[in-house]
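Let me begin by presenting the structure, written as structure tokens, before commenting on it.
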Amino acid sequence: MAALTKSAVAVIRHTKRFLSTVPALRRLHYSIVNADLFENLFWHDVMLANSVRMEKYIQAMEKYVHPGTVVADLGTGSGVLACLAAKRGAKVYAIEHGAIIEHARTLARANGLSQNIEFVHAHSKDFNPPEKVDFIVHEQVGMALIDEDMAENVVELRDRVLKQGGKVLPGSFELFIDPVQTRDDRRLPYIWEQRIGGVDFSSLKPDALPWTSGKGYDKRALEPDDVSVILAHRNRVLELDLNAPGRPVIPEFVQYDTVIQQDGRLDGFCLYFSNFFDKELGFYTGPKDSRTHWACRLLRTEAREVKKGQHLHFEMRIPNVTNTATWTWDYKLS
Ligand SMILES: C[S@@+](CC[C@H](N)C(=O)[O-])C[C@H]1O[C@@H](n2cnc3c(N)ncnc32)[C@H](O)[C@@H]1O
């Protein structure tokens, strides 16, 4: 029995490794995981309670959606965006690949909006409407912005179904990674940095540091007030415009150079993003911005004193966009 379990585990590991090496299979695997994940109402509770997000979507609907506008809602989930558009008189195609679509149907029916919304239980790649649409609304934004395969899904749909002059809402995103100091009482040192009651853990330091080895143990979610100092502000590593012609390419390597703006302790790098519907309408998810459900990620490092004026070089590899555990980074201070 033990031997059987061991071989089964080996087969599963092997299959997972194989799936991750073929991009088309990796996408298929990710999309199954994604549909299952969003069946859980917990995530819809969290997203609907994010008032920063919901207020901006409502404002975007008020600005762009009018009676007769045709809208495709990519990934309708609970149905919230489809219902908001339908309330403004739009004709909506609500596309959803997961079983959560049944809740969206119920929501529309209970709010008297069913006649304006056609529900499509399918992956967006299999959605072929009889007409082109004025807007694609979506919220395919992952915790690390790009890790829900947003660019691939939205642009594939855009190129097939969006009218000329139509718009993806939201379409403009930036990814930032700032060096930060965390509050002393919120620091999470690596095990080998610990000295507890005279016990020195430094012997546990690995040869390959975790943030350079892609083991996925080196990132954590931050509460907004976990960060006490941003050592250098708004360091952009990626810009994404889903309304620009052509296929956006997510680079496998990003980097920046900056100067440390004040003395402090580097505890890691804070990853956050901006999300804009147009030049005026949007929001940031940084550690000093209004709180959203997209908790900033701390890319951990060993603690290190830094001085104002030091030069910082940061770089990150993104071998598999939908699996942040594979992302690795490194930095140099001089
Ligand atoms: C982050 S949730 C957003 C739900 C809802 N639009 C909202 O704003 O609250 C993303 C939803 O898109 C669905 N989804 C993701 N990729 C999809 C795809 N390519 N085709 C159809 N549905 C997709 C997921 O199952 C999930 O319900």
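Of the strands (runs of 3 or more DSSP E) lying entirely inside segment 225-334, those containing at least 2 residues that are touching a residue at least 24 places away in the same chain (Cβ under 8 Å), buried (at least 18 other Cβ atoms within 10 Å of the Cβ) and out of contact with any Lys or Arg (no Cβ under 8 Å at 6 or more places or on another chain) span 236-241, 264-276, 311-317. Residue-level analysis places Tyr30 outside the set of residues that are more than 14 Å from Glu139 (Cβ to Cβ), of a type in the set (Phe, Trp, Tyr) and away from the ligand (no atom under 13 Å from the Cβ).
Filtering Val120, Val141 for residues that are without any contact (Cβ under 8 Å) to a residue 60 or more places away in the chain and closer than 27 Å to Gly165 by Cβ leaves a single hit, Val120. If the condition is being polar (S, T, N, Q) and within 19 Å of Gly68 (Cα to Cα), then segment 112-145 contributes Ser114, Gln115, Asn116. Can you tell me which residue within segment 185-208, out of those that are without any contact (Cβ under 8 Å) to a residue 24 or more places away in the chain and under 30 Å from the mean Cα position of the chain (by Cα), is nearest to Ile230 (Cα to Cα)? Step by step, filter segment 185-208, then rank; the result is Asp185. Filtering segment 158-184 to residues that are of a type outside the set (Lys, Arg), over 30 Å from Leu242 (Cβ atoms) and without any contact (Cβ under 8 Å) to a residue 60 or more places away in the chain leaves only Asp184. Return yes or no: is Ala82 touching a strand residue (DSSP E or B) at 6+ places or on another chain (Cβ under 7 Å), at pLDDT 95 or above, part of a helix (DSSP H, G or I) and not basic (Lys, Arg)? Yes, satisfied.
When His14 is tested against (1) surrounded by 12 or more Cβ atoms within 10 Å (Cβ to Cβ); (2) out of contact with any Lys or Arg (no Cβ under 9 Å at 6 or more places or on another chain); (3) of a type outside the set (Gly, Ala, Ser), exactly one condition is not met: (1).
For segment 273-288, how many residues meet the condition of being under 19 Å from Arg186 (Cα atoms) and either at pLDDT 95 or above or not basic (Lys, Arg) (or both)? Result for segment 273-288: 2.
Taking the criterion of being crowded, with 20+ Cβ neighbours inside 10 Å and either farther than 22 Å from Ala232 by Cα or β-branched (Val, Ile, Thr) (or both), the residues of segment 173-209 that qualify are Ile177, Val180, Thr182. Taking Val71, is it within 26 Å of the chain's Cα centre (by Cα) and within 23 Å of Pro129 (Cβ to Cβ)? Answer is yes for this residue.
Pairs meeting the criteria (first residue in segment 28-57 and within 23 Å of Leu84 (Cβ to Cβ), second residue within 11 Å of the ligand (Cβ to nearest atom) and of a type in the set (D, E, K, R), beta carbons under 7 Å, at least 6 apart or on different chains) are Asn34/Glu148; Met47/Arg53.
The values are calculated or read from the model by the stated rules, or taken from the named source; none is laboratory data. Predicted, not measured: the structure shown is a model, and the values here were computed from it. We place every Cβ from the backbone using ideal geometry, glycine too, and count neighbours over all the protein chains shown.
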